[in-house]
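J.: Here it is, the structure, as structure tokens.
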Amino acid sequence: MNKQEITDLIVERLVTNKEHLTRTFPSDNPHIKTKYFVLDDLLPAEFVMEIFKNFPQESQYFFRDTFRERKYTFAKLNELENPITDVVTDALQSLEVIREISEITQLSSLEGDPSLYAGGLSRMDQTHFLNPHIDNSHDGERERYRRLNLLFYVTPDIDEKDGGNFELWDDRVTTLFKIPSKFNRLVVMETTKSSWHSVDPVISDIQRCCLSNYYFSNESPTSNDYYHVTSFIGRPGQTFQRTYGRVDNFLRQFIASKLGISRGHNRLRHRD
């Protein structure tokens, strides 16, 4: 399928489920304030299987392994031999899809990010994890505010018991709400200064694969100017990670604010 065909299928699923998604986007969980919606069966299953089969080889990823996270990431989709992940990503960033998601979320002036700053493909194997964090507030140029996080899961036969589940947290990161990373599932999450989220450890011999996209806008979610780096802390009970994380966040915030720089530009997708 080409980009327009994929775009049309995604738009059709969004339109068909618009009433339900609009109603559920404001969280009804008394502890979790982050807004989100979940849309299953986004694309034909056999096509999603092809996406999964054409994720990069292990040697092509950038491996992150710190107290914050352990996972493989890859954003240079245009360099892959099979363009399927590149085309699906372009469809998710198409004006038609952005327009429908904007109507569902009631967020205006949304824009995609073809460079995939902090987005792209991720793979998490056994023992991999992503600790609670809030995303960087801006795009790579620090000009637009990050507003929505789109997560499309493509691992077949994955189950909640395998781990690798997406998690949303309350403001104090003490109470969580779990969303299994189900095959062919799209999760759209609002990103704010308190939208803490994570991925629980993968405990099975699987490859938990995800396509990540972000939408941005020039408007601040709070109507006030602010900037913060991606900020991590530990899970409840991880005393060292929670303390060290706060120190680490402060230092990285201080350096980024003073120098006015954003990291990771050498790993972006480049478009002509």
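Just so you know, all these numbers are worked out from the coordinates, no wet-lab data involved. Since we're looking at a predicted model, the values are computed, not measured. All Cβ positions, glycine included, derive from the backbone under ideal geometry; neighbour counts span all protein chains shown.
J.: By counting other Cβ atoms within 10 Å of each Cβ, how are LYS76, LYS71 ranked from fewest to most?
T.: Working: LYS76 18, LYS71 22.
Neighbour counts put them in this order, fewest first: LYS76, LYS71.
J.: Considering the dipole of segment 3-267 built from charges on the beta carbon (Lys and Arg +1, Asp and Glu -1) around the Cα centre, which of LEU130, ILE255, LEU43 is farthest to its positive end?
T.: ILE255
J.: With 15 Å as the cut-off, how large is the P(r) tail for segment 77-158, expressed as percent of Cα-Cα pairs? Don't skip to the end; give the middle numbers.
T.: Details: 2245 of 3321 pairs.
Tail of the P(r) past 15 Å holds 68 percent of the pairs.
J.: Using the Kyte-Doolittle scale, find the helices of the chain whose mean hydropathy is at least -1.0 and whose Cα atoms extend 24 Å or more along the helix's long axis, counting only whole DSSP H runs. Don't skip to the answer; put the middle values down first.
T.: Numbers: long enough: 239-259 (30 Å, -0.42).
Span-like helices, by this rule, are 239-259.
J.: Which of LEU42, LEU168 has the fewest other C-beta atoms within 10 Å, and how do the rest follow up to the most? Display every interim value, and only then the final one.
T.: On the way: LEU42 20, LEU168 24.
If I rank by nearby Cβ atoms, fewest first, I get LEU42, LEU168.
J.: When the helices in the chain are scored as -39500 (n - 2.57) per DSSP H run of 4 or longer and the sum is shared across all residues, what 222 nm value do you end up with, to the nearest 500 deg cm²/dmol? It would help to have the intermediate numbers written out before the result.
T.: Details: 6 runs with 71 residues, N = 272.
Here the helix-only value at 222 nm equals -8000 deg cm²/dmol.
J.: Hey, another quick one. State to the nearest 20 debye the size of the charge dipole of the chain about its Cα centre, where the only charges are +1 on K and R beta carbons and -1 on D and E beta carbons. List each step's numbers first, then the result.
T.: Details: 34 positive and 40 negative charges, 245 e Å.
Magnitude of the dipole: close to 1180 debye.
J.: Also: If you count, for each residue, the other Cβ atoms within 10 Å and average over each peptide, how do 248-257, 146-155 line up from highest to lowest?
T.: On the way: 248-257: 14.3, 146-155: 22.8.
The packing order, highest mean first, is 146-155, 248-257.
J.: A further question follows. May I have the extent of the alpha carbons of the chain along their three principal axes, as whole Å values ordered from largest to smallest?
T.: 47, 43, 42
J.: Right, something else. For a quick check: with amide H placed at 1.01 Å from N, whose amide H comes under 5 Å from ARG147's, ignoring anything fewer than 5 positions away on the same chain?
T.: Close amide H contacts, sequence-distant or interchain: TYR215, PHE216, SER217.
J.: Taking amide H atoms as placed 1.01 Å from N in the peptide plane, list the residues 5 or more away in sequence, or in a different chain, whose amide H sits under 5 Å from that of ILE179.
T.: Under 5 Å from the amide H of ILE179: PHE166, GLU167, LEU168.
J.: Kindly work out what percent of the DSSP beta bridges joining two residues of segment 3-267 are antiparallel, to the nearest 5.
T.: On the way: 46 of 46 bridges.
Once the DSSP bridges in segment 3-267 are tallied, antiparallel ones form about 100 percent.
J.: If the cut-off is a Cα-Cα distance under 20 Å, which lysines reach LYS182, setting aside same-chain residues fewer than 8 apart in sequence?
T.: Answer for LYS182, where 20 Å is the Cα cut-off: LYS35, LYS53, LYS71, LYS161, listed by chain and number.
J.: On to the next question. Would you order TYR61, TYR72 from fewest to most other beta-carbon atoms within 10 Å of each residue's own beta-carbon? Show your work: numbers first, answer last.
T.: Details: TYR61 17, TYR72 21.
The most exposed by this proxy come first: TYR61, TYR72.
J.: Right, here's the next one. With unit charges on the beta carbon (Lys/Arg positive, Asp/Glu negative), name the residue among ALA118, THR239, LEU186 whose Cα is farthest towards the positive pole of the charge dipole of the chain.
T.: Ranked along the dipole, the leading option is THR239.
J.: What is the extension gain from PHE62 to THR239, computed as 0.36 nm multiplied by their sequence separation minus the C-alpha to C-alpha distance, in nm to one decimal?
T.: Values: separation 177, 0.36 × 177 = 63.72 nm, distance 2.82 nm.
Here the segment from PHE62 to THR239 would lengthen by 60.9 nm.
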